[in-house]
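J.: Structure in structure tokens, see below.
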Amino acid sequence: MGQPWYLALFDFRKKLGIGGKLLLCFLAVALLPLAIAGSLAIRHAANILESEVVTNLTSTVDAKARQVDTYFSEARRNVTTLAHNPSVIDALERFVAAYHRGVDSAEYRAVDDELRPYLTYYQAYYEDEDRYYDLFLISPDGDIVFSVVKEDDFASNLLSGPLRETELASVFRTASTSHVTDISDFRFYHPSHEPAGFIAAPVFNNERLMGVVALQMSVREINEIAA
């Protein structure tokens, strides 16, 4: 068995002459700064890489935030434009009057047959962009008197019915009482069996509150923005 490495190193140093020992000293002195410089360079490169990653992530988050802000700003403009549209004002007034005769009445069916194509066209135009899933007309008393999709929420009352705790009911209350456009968070909405957000605006005719128009925002576009 050979001798231990430290004894071999000791014997090697003993065999070196003065010149060899000086050479080792010079090498040690020369290599030490290189080792230190290399270590500093590696650390500096790691810091630069980390900084670039943080900067890129921050830029991505900022871009996503701007996209979300743009989405909600456009939704606010769209529902406000609807609320001031004379055709929508007239439709809401007529649907409210017909609703009190019953959604199965001849009066309601006549109004629905006449006005549904226009309201459906508006919703369908944006549905192609995965923007709005449904459009609602709501009476001042909280009755959903019109819905494009007509899920279980149609003909429900948002103040006293099973939907009174939903985000749709929340934006309706704000729009009808504070008379401002309101936008909700995205939460699970049972009639649609998926998360949904809502935006609503009050509808006036000669300063008289006719009701509220609301849009159900599709979660698909939000998911695409967040992806």
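The values are calculated or read from the model by the stated rules, or taken from the named source; none is laboratory data. No experiment lies behind these values; they were computed from the predicted model shown. Every residue, glycine among them, receives a Cβ derived from its backbone with ideal geometry; neighbour counts consider all protein chains shown. These area figures cover heavy atoms from the full protein model, side chains too; ligands, DNA and RNA do not enter into them. Shrake-Rupley method; radii C 1.70, N 1.55, O 1.52, S 1.80 Å.
J.: How large is the accessible surface of THR70 in square angstrom, using a 1.4 angstrom probe and rounding to the nearest 10?
T.: Roll a 1.4 Å probe over it and THR70 shows about 70 Å².
J.: Can I ask one more? With a point put 7 Å past each Cα toward its Cβ, work out how far ASP69 is from THR120 in nm, to one decimal.
T.: Modelled inter-label distance: 3.9 nm.
J.: Given R₀ = 22 Å, FRET efficiency for SER178-ARG220 by Cβ-Cβ distance, to 0.05?
T.: 0.15
J.: Between ARG43 and SER160, what length in nm is gained on full extension when 0.36 nm per residue of separation is reduced by their alpha carbon distance?
T.: Answer, rounded to one decimal: 35.7 nm.
J.: Still on this structure, I have one more. If each of HIS193 and ASP90 carries a label point 7 Å out from its Cα toward its Cβ, how far apart are those two points in nm?
T.: 3.8 nm
J.: Sticking with this structure for a sec: In terms of modelled amide H atoms, which long-range or inter-chain residues lie less than 5 Å from the amide H of TYR133?
T.: Correct list: GLN216, MET217, SER218.
J.: At a threshold of 8 angstrom on Cα-Cα distance, excluding pairs fewer than six apart, so keeping six or more, what relative contact order does segment 74-227 reach in percent?
T.: For segment 74-227, the relative contact order is 24 percent.
J.: Please list, ordered by chain and number, the residues whose modelled amide H lies under 5 Å from the amide H of PHE204; skip anything fewer than 5 residues away on the same chain.
T.: It is MET210, by chain and number.
J.: Applying the Karplus parametrisation 6.51 cos²θ - 1.76 cosθ + 1.60 with θ = phi - 60° to the phi angles of segment 86-95, what ³J(HN,Hα) value in whole Hz is obtained for each residue in order, glycine and proline being reported as x?
T.: Per-residue couplings from phi come out as x, 5, 6, 4, 5, 4, 5, 4, 6, 5 Hz.
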